[in-house]
Amino acid sequence: MTDEPPIRIAVIGSGPAGFYAAGHLLKDSAGRCEVDMFERLPTPWGLVRSGVAPDHPKIKSVSRVYEKTAAHPRFRYFGNVTFGEHVSREDLLEHYHAIVYATGSPSDRPLGIPGEDLPSSHAATEFVGWYNGHPDHTDLEFDLLSAERAVVVGNGNVALDVARMLVLAPEELAPTDTADHALEALANSNVSEVVIVGRRGPAQAAFTNPELLELGELAGADVIVEEAELERALAVADPAAAEDITSRRNVEILRSYAAKPPAGHPKRIVLRFLLSPVAFIPGEHGRLGSVELVRNELVPAADGALRAQPTGEHETLHASLAFRAIGYRGLPLPGVPFDERSALILNRAGRVLDPHSGTPLPGEYVVGWIKRGPTGVIGTNKKDAQETVDALLSDLAGSSNGAMPAGQPGAAHLPSEPDAAAVEALLRARQPELVTYAGWEAIDRHERALGEPHGRPRVKLTRIEDLLRAAADAQP
């Protein structure tokens, strides 16, 4: 420990990027940093809780790493606190030496085609939040009764998650932490075919090998890949993909699916490539009735990479349910420089930039998807957070008296009132229903207790009022 005054850091967001940043700060600052984490929901973990598919419990176990960070004596958690409502950027700069924004990419990327907003056409982000019990999406409705075929647009792991959740047998879902409302709806679903559509070829798909491979392990669904279509999509050589081990393995897996005769399961997932939706067409009662697709061809771009170019060949696929899974998109935070085109907080290597001068803003940093875009896996955020934390600590170390002239690259920031008690008093005055980490632990115990009799890891509380009620017993 040190006799020097503590360096106080605010982390906005409690997903993997935020917790990795907090962990690095507590470990790398020679005992000087105190970290306060702010989260809009009562519950932490971000997409580990509300984005990872319920049938992937091993991936969710990464939260044990974050629990160790949360147990640190110089860490505090303030849940049910909304940045820009209960606390402002100016408030935090007054009380902290630095702010680390870790708010992720909570929105979806639209396709920008006619009919996209038809009933039964949805963002995958909404469906994922719905079956994971995210309070924002609990009351959404998905017509799984009248739909027999669903189309999922996208060639990444989220597309595979959506497709898999639509065809998992009830006995496969039963032991998971799928939200109760989704368990019931999925058990009664009439969706028997899910078509996954990718605009580029199989060699360019963003699936990870384990996600693609586990499709073949589904108890009640065949995986269909049409061999002629697959080989046609692979006819144009892609040197970059040929050097990528993940891409090569994906192609091997897809060829194995193409060579395997269907087992006659009641449901099926069909993987198709070199197709882009150009319109969602209404059917009965103004709901989605079909998807118009255009066939693409791969052509070299100026940088040597292959891009998908539409041909004149069209196809109409009847479907009364569709999900777009073409990527996540960041949202701006009040007062924080934001680049609308990239949907990222304006930054250089994690230092938030002044939009006018292009120089780093003293004391403001960013990590995770809102820094670099929605790429990589959960562990990617660890290295990403380390880069930002290194910059933050370097800026502080480069300041002889704790502050440098504002506007200099890498300038430190000196708060006027870096007092831990003052921050908590401010928060409690503005948000009486603030949830501490002890409150989250009470929620956690409650959910686990609900799940235990049924052999489930937990039964999630999906409404804010229920979460606050469960947290209340442990609140000081």
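The values are calculated or read from the model by the stated rules, or taken from the named source; none is laboratory data. Bear in mind that the values here come from a model prediction, so they are computed numbers and not experimental data. Positions of Cβ are backbone-derived with ideal geometry, glycine not excepted, and every protein chain shown enters the neighbour counts.
If I go through region 425-441 residue by residue, how many of them are closer than 18 Å to Leu468 by Cα and part of a helix (DSSP H, G or I)?
9
Could you list, in sequence order, all residues of region 420-465 that are without any contact (Cβ under 8 Å) to a residue 12 or more places away in the chain and either among the hydrophobic types (A, V, I, L, M, F, W, C) or touching a helix residue (DSSP H, G or I) at 6+ places or on another chain (Cβ under 9 Å) (or both)?
Ala421, Ala425, Ala429, Arg445, Ala449, Leu450
Which strands (runs of 3 or more DSSP E) sit wholly inside region 95-155 and have at least 1 residues that are modelled with pLDDT of 95 or more and touching a helix residue (DSSP H, G or I) at 6+ places or on another chain (Cβ under 6 Å)?
On the way: elements: 98-101, 121-123, 149-153.
Answer list for region 95-155: 98-101, 149-153.
Residue by residue through region 19-41, note down the ones that are part of a strand (DSSP E or B) and touching a helix residue (DSSP H, G or I) at 6+ places or on another chain (Cβ under 8 Å).
We begin by selecting, within region 19-41, every residue part of a strand (DSSP E or B); these are 33-38.
Across region 19-41, the qualifying residues are Cys33, Glu34, Val35, Asp36, Met37.
Looking at region 215-225, which of its residues are within 26 Å of the chain's Cα centre (by Cα), touching a residue at least 40 places away in the same chain (Cβ under 8 Å) and surrounded by fewer than 16 Cβ atoms within 10 Å (Cβ to Cβ)?
Listed by number, the list holds a single entry, Gly216.
Scan Arg268, Arg200, Arg164 and give me the residue that is under 30 Å from Pro453 (Cα atoms), of a type in the set (Lys, Arg) and in contact (Cβ under 8 Å) with a residue 24 or more places away in the chain. Before the answer, list the steps.
Values: Arg268 fails: under 30 Å from Pro453 (Cα atoms); Arg200 fails: under 30 Å from Pro453 (Cα atoms).
After ruling out the rest, the residue left standing is Arg164.
Among (1) assigned to a helix (DSSP H, G or I); (2) surrounded by 16 or more Cβ atoms within 10 Å (Cβ to Cβ), where does Pro457 come up short?
Single failed check for Pro457: (1).
Being surrounded by fewer than 19 Cβ atoms within 10 Å (Cβ to Cβ), part of a strand (DSSP E or B) and assigned by TED's automatic domain parsing to the domain that holds Ser120 is the requirement here; does Val291 meet it?
So Val291 fails the test.
Please go through region 73-119 and give me each residue that is in contact with a strand residue (DSSP E or B) (Cβ under 8 Å, 6 or more places away or on another chain) and under 11 Å from Pro334 (Cβ atoms), ordered by number.
Passing the criteria: Phe83, Val87, Arg89.
Does Glu229 satisfy the condition of being within 19 Å of Leu306 (Cβ to Cβ), free of Cβ contacts under 8 Å to residues at least 60 places away in the same chain and touching a Leu at 6+ places or on another chain (Cβ under 9 Å)?
On the way: within 19 Å of Leu306 (Cβ to Cβ): yes; free of Cβ contacts under 8 Å to residues at least 60 places away in the same chain: yes; touching a Leu at 6+ places or on another chain (Cβ under 9 Å): yes.
Considered against the rule, which asks whether it is within 19 Å of Leu306 (Cβ to Cβ), free of Cβ contacts under 8 Å to residues at least 60 places away in the same chain and touching a Leu at 6+ places or on another chain (Cβ under 9 Å), Glu229 comes out as yes.
For region 139-155, what are the residues that are of a type in the set (Gly, Ala, Ser) and surrounded by fewer than 21 Cβ atoms within 10 Å (Cβ to Cβ)?
Listed by number, the list holds a single entry, Ser146.
Can we say Phe338 is touching a strand residue (DSSP E or B) at 6+ places or on another chain (Cβ under 8 Å), surrounded by 15 or more Cβ atoms within 10 Å (Cβ to Cβ), closer than 26 Å to Ala203 by Cα and at pLDDT 95 or above?
No, not satisfied.
Within the set of pairs 6+ apart or on separate chains, which have a first residue in region 45-57 that is touching a residue at least 40 places away in the same chain (Cβ under 8 Å), a second that is among the acidic types (Asp, Glu) and assigned to a helix (DSSP H, G or I), and C-beta atoms under 6 Å apart?
Ala53/Asp161
Within region 42-56, is there a residue that is in a loop (DSSP other than H, G, I, E, B), crowded, with 22+ Cβ neighbours inside 10 Å and among the charged types (D, E, K, R)?
no
Exactly one of these conditions fails for Asn250: (1) surrounded by 18 or more Cβ atoms within 10 Å (Cβ to Cβ); (2) farther than 20 Å from Gly327 by Cβ; (3) touching a Leu at 6+ places or on another chain (Cβ under 8 Å). Give me its number.
If we test Asn250 against (1) surrounded by 18 or more Cβ atoms within 10 Å (Cβ to Cβ); (2) farther than 20 Å from Gly327 by Cβ; (3) touching a Leu at 6+ places or on another chain (Cβ under 8 Å), just (2) comes out false.
Considering each residue of region 310-341, count those that are within 16 Å of the chain's Cα centre (by Cα), small (Gly, Ala, Ser) and in a strand (DSSP E or B), and give that number.
The qualifying residues number 0.
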